[in-house]
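Here's the structure, in structure tokens; my notes come after.
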Amino acid sequence: MKKIFSLAMMLVSVLALFTACDEDRDSNPVITSPTTFTINQSPVADQYIQLAKGNNVNLTWSQPDYGYNAFATYKIQVGLVGDDGKVTWNEKDGKPKFLASTYTKANSNIDGEEIAAAICELDGFKDKTEYVDKGYREVALRVYSCIETSMGEEIEGTGIMSSNYATFKHMAAYNAVKSPGFIYIVGSLNAKSDGNWNEPNAGNTELFNSWRLFENADAIDSKEYHGTFEVPAGDLMFRFYTALTGWDADSYGSQKDDNPVEVSFDASGSYEGKLVKGKGSYKFAGFAGGKVKITVNMKKNTVKVEVVK
């Protein structure tokens with residue numbers, strides 16, 4: 001009886017060992033570098049499509065073979081088909097420039113505004129005033145697949161561009177030229193003569209247009225804003241607004257509460273701190289006056305203030 005029991009326990013141990021190995025393989029899969037995947041041609045490829053915000057374009061594709069059921073990230077690139085049938089793809093510095101939206105399934109509904117903006121880039125329009133309507137043209141879309149880490153970094157050997165592209169024979173863009181985004185700075189540096197702050201509302205648009213931080217022209221949608229301002233001597237206090245809608249709705253600063261947080265420059269004349277949704281101001285007591293350069297990154301939620309010497 002003891003021998004039978006021991007044999008049974010041994011079998012259970014062996015089965016547990018194989019189960020553990022299987023689980024380990026599942027949790028640490030071996031990634032295979034895919035060699036190809038294809039895009040499905042759209043059933044509306046021959047129809048006339050006027051792009052517009054909210055007018056989505058559907059695109060589907062096969063899943064690349066990574067050797068297991070991978071959670072891939074898909075990015076889309078836009079191109080224009082020339083009279084000779086060759087495609088000019090939207091690129092920057094020789095590298096593919098993808099649409100901002102990404103997907104985790106082999107099915108996408110792409111906002112027409114994103115495609116139109118990419119076409120405007122391909123046409124070389126730098127400003128909305130340069131836009132010229134070029135009517136219906138043949139547009140190509142292709143997909144890039146990769147596996148990313150939890151930090152959004154691409155894992156080496158997983159990136160692959162689709163082996164074909166989908167074409168839309170008659171697609172028209174519109175004036176979707178993107179220009180650098182901006183935010184406003186509000187505080188003592190643009191206060192009234194009595195020291196009270198000007199309210200960030202629509203009535204003060206002309207005033208605050210001179211107190212904006214902008215994205216760089218080559219970093220549109222980066223959500224990183226820059227500005228250099230001449231500041232009078234005294235206590236320097238400010239916070240930021242993404243829109244001129246009053247004191248509360250679109251305010252960002254040093255903390256949530258409506259109280260200033262006193263900060264200071266280091267020996268090199270620089271300060272770096274956090275940015276939060278709220279009305280806490282940054283306060284540099286007894287500032288000597290002069291120019292300051294301010295950088296606000298609303299993706300990383302950081303603020304950097306530097307004295308310009």
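From the alpha carbon centroid of the stretch 237-309 to that of the stretch 190-204 is 17 Å.
State whether the chain is rounded, prolate or oblate according to the following rule on the C-alpha gyration tensor (a ≥ b ≥ c being the square roots of its eigenvalues): a/c under 1.5 gives rounded; otherwise a/b larger than b/c gives prolate, and the remaining case gives oblate. Since a/c reaches 1.5 but b/c is at least a/b, the shape of the chain is classed as oblate.
Rounded to the nearest 10 degrees, the inclination of helix 2-27 to the longest alpha-carbon principal axis of the chain is 50 degrees.
About its Cα centre, the chain has a charge dipole of approximately 400 debye under the convention of +1 per Lys or Arg Cβ and -1 per Asp or Glu Cβ, with nothing else charged. The charge dipole of the stretch 29-151, taken about its Cα centre with unit charges on the Cβ atoms of Lys, Arg (+1), Asp and Glu (-1) only, comes to about 260 debye. Computed per residue of the chain from DSSP H runs no shorter than four, each worth -39500 (n - 2.57), the mean residue ellipticity at 222 nm is -4500 deg cm²/dmol.
The peptide list 82-89, 103-110, put in order of mean Cβ contacts within 10 Å with the highest first, becomes 103-110, 82-89. Classified by the C-alpha gyration tensor, the stretch 118-198 has an oblate form. Its axis ratio a/c, with a ≥ b ≥ c, is 1.5 or above, and a/b does not exceed b/c. Looking at the square roots a ≥ b ≥ c of the eigenvalues of the Cα gyration tensor of the stretch 254-309, which shape do they give, rounded for a/c under 1.5, prolate if a/b is larger than b/c, or oblate? Oblate.
Taking the stretch 184-216 and a reference point 7 angstrom along Cα→Cβ of Val308, the backbone N atoms nearer than 14 Å belong to 211-214. Placing unit charges on the Cβ atoms only, positive for Lys and Arg and negative for Asp and Glu, gives the stretch 243-307 a dipole magnitude near 240 debye about its Cα centre.
With a cut-off of 13 Å between beta carbons, the residues surrounding Glu306 carry a summed charge of +2, where Lys and Arg count +1 and Asp and Glu -1. The Cα-based radius of gyration of the stretch 30-101, divided by its Kirkwood radius, gives an Rg/Rh of 1.00. For the residues Val78, Val143, Val276, a GNM of the chain with alpha-carbon springs under 10 Å puts the largest fluctuation on Val276. Trp211 sits with roughly 40 Å² accessible to a 1.4 Å probe, with DNA, RNA and ligands left out of the calculation.
For the stretch 80-162, which whole-number percentage of the solvent-accessible area (1.4 Å probe, protein heavy atoms only) is attributable to carbon and sulfur atoms? In the stretch 80-162, the share of accessible area belonging to carbon and sulfur is 45 percent.
Element breakdown for the stretch 177-259 at a 1.4 angstrom probe: carbon and sulfur atoms account for 45% of the accessible area.
Axis of helix 112-122 versus longest Cα principal axis of the chain: the two differ by about 80°, to the nearest ten degrees. Normalised per residue, the accessible area of the stretch 21-161 is 59 Å², obtained with a 1.4 Å probe and no contribution from ligands, DNA or RNA.
The values are calculated or read from the model by the stated rules, or taken from the named source; none is laboratory data. No experiment lies behind these values; they were computed from the predicted model shown. Cβ coordinates were reconstructed from backbone atoms using ideal geometry, including for glycine residues, and neighbour counts include every protein chain displayed. Note: areas computed on protein heavy atoms with side chains; ligands, DNA, RNA excluded. Shrake-Rupley method; radii C 1.70, N 1.55, O 1.52, S 1.80 Å.
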